[in-house]
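The values are calculated or read from the model by the stated rules, or taken from the named source; none is laboratory data. This one's a predicted model, so the numbers in the text were calculated from it and none came from an experiment. Because the Cβ atoms are built from the backbone with ideal geometry, glycine has one as well, and the counts that use them run over all protein chains shown. The area values use the complete protein model at the heavy-atom level, side chains included, leaving out ligands, DNA and RNA. Shrake-Rupley method; radii C 1.70, N 1.55, O 1.52, S 1.80 Å.
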Amino acid sequence: MAQEVRGVVAPGRNEPVRVETIVVPDPGPGEAVVKVQACGVCHTDLHYKQGGIGDDYPFLLGHEAAGVVESVGEGVSEVAPGDFVVLNWRAVCGHCRACLRGRPWYCFDTHNARQRMTLADGRELSPALGIGAFAEKTLVAAGQCTKVDPAVSPAVAGLLGCGVMAGIGAAVNTGNVGRGDSVAVIGCGGVGDAAIVGANLAGAARIIAVDLDDRKLETARTMGATHTVNSKETDPVEAIRELTGGFGADVVIEAVGRPETYRQAFYARDLAGTVVLVGVPTPEMKLELPLLDVFGRGGSLKSSWYGDCLPSRDFPMLIDLHLQGRLPLEKFVTETIELTDVEAAFERMHHGDVLRSVVVLP
């Protein structure tokens, strides 16, 4: 029987979000209903509200979440009722050319629940990134549920569902940061700080944090940055080169998603170094680089989508590292809030006052 729960809905472009009654259907084949325990307030949700991702309103926001599986549909074997899970927005198909080549993190046919949740009046909702977890319960594809150790705090575990995994994966999976490497991270929001944590975890010897905001740079130091550069006061390319013996960093991670910061990343890397773009650009942005420089400097120019992660492999491992005290995920949680506080949390995020606000549900 369908259930009525509370959820945070973006009714139209740039309109304030509001808590509405959401109708969650019973899970069909390959689907699961999850009782949400915590969900981070991510910048992507703000993009949905502002119309930066699409106009398929109303949106059911929230996607960076953890909770307990309540029920599953026919044919589901990967999770069962009672399992504690982190939700992910890339449920791999197992059948496309990337999956069949053993590269499921590049899956070309990821899937979501087939049924739609609705408002009480029957209007269909568009769940953010196929999840919609600013809600007491949500309907997802079972493959979007990754079982992890239930000893972890839900407020911490859910962060792996998006931003923290994107940053850690940009360093560890895409950038292949290794022991003794020098790493520069441009942009020290949640994703950039996660990249710093990932570089530290991988054994980087020197981690240079770059940002315009001294508050963010101070936070970056607590995450493992060995050096900081305020790019409002200092040329970041020259500063990174100076801090790496005049050569540039082995890996530069761009966590802003703008042409000017990408150019900085390109010229701040060592010869044969790697640039990783994990910041998300907007559709109208263009990049121009001298092709001779692209050729002459060698190395790799990569983009990192969701940290090139495979949730079934990466989420349990990272949760285990956290529980061992080796991965300080708790540092990303600035505050815990209720569903009714999401609109105010967007405002605090916009002004850079928080690293992560996390909605916690009873």
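For segment 109-189, the list of trypsin sites (Lys or Arg not before Pro) that fall in a loop by DSSP and count at most 14 other C-beta atoms within 10 angstrom reads R114, R123, R179.
How much area per residue is accessible in the chain when the probe is 1.4 Å and only protein heavy atoms are counted (Å²)?
43 Å²
Suppose we keep just the DSSP beta bridges with both residues in segment 57-202; what percent of those would be antiparallel, to 5? Roughly 80 percent of the DSSP beta bridges within segment 57-202 come out antiparallel.
When the Cα positions of V360, L292, L327 are compared along the charge dipole of segment 241-361, L292 comes out farthest toward the positive end, with charges on each C-beta of Lys, Arg, Asp and Glu.
Sparse packing (at most 14 other Cβ atoms within 10 Å of the Cβ) combined with a DSSP loop state is found for the following GluC sites (Glu not before Pro) in segment 179-266: E233. With bins 20 Å wide beginning at 0, the percent of Cα pairs of the chain falling in each bin runs 31, 57, 13, 0.
Proximity of backbone amide H atoms, modeled 1.01 Å from N, is registered between I207 and V183, T226, H227 at under 5 Å, excluding neighbours fewer than 5 places apart on the same chain.
Under the criterion of Cα pairs below 8 Å and six or more residues apart, the relative contact order for segment 112-241 equals 16 percent. Here R221 and Y106 are evaluated by their C-beta separation; at R0 = 56 Å the FRET efficiency comes out at 0.95. Under a 5 Å amide H cut-off, with hydrogens placed 1.01 Å from N, I253 pairs with A184, V185, I186, V276 among residues at least 5 apart or on other chains. The simple Förster model, with R0 at 25 Å and r as the Cβ-Cβ distance, assigns R123 and D341 a FRET efficiency of 0.55. Ligands, DNA and RNA left out, the 1.4 Å accessible surface of segment 16-122 is 48% carbon and sulfur atoms.
Given the alpha-carbon gyration tensor of segment 104-208, what are the semi-axes of its equivalent ellipsoid in whole angstrom, ordered largest first, with each equal to the square root of 5 times an eigenvalue?
Those come to 34, 14, 13 Å.
The eigenvalues of the Cα gyration tensor, multiplied by 5 and square-rooted, give segment 300-362 an equivalent ellipsoid with semi-axes of 26, 18, 12 Å from largest to smallest. Just how much of R313 is accessible, in Å², when a 1.4 Å probe is used and the result is rounded to the nearest 10? Rounded to the nearest 10, that gives 100 Å². Remark on M117: its backbone amide H falls under 5 Å from those of L125, a criterion applied only to residues 5 or more positions apart or on other chains, H modelled at 1.01 Å from N.
With both residues required to sit in the chain, DSSP beta bridges show an antiparallel share near 55%.
Once C-alpha pairs closer than 8 Å and six or more residues apart are averaged by separation and normalised to the residue number of segment 25-172, the relative contact order reads 34 percent. For segment 37-129, the set of chymotrypsin sites (Phe, Trp or Tyr not before Pro) satisfying both a DSSP loop assignment and a count of at most 14 other C-beta atoms within 10 Å is given as F108. Estimated at 0.36 nm per residue, the fully extended path between D214 and H47 surpasses their Cα-Cα distance by 57.6 nm. Remark: segment 172-248 is approximated by an ellipsoid whose semi-axes, taken from the C-alpha gyration tensor as √(5λ), come to 18, 15, 9 Å, largest first.
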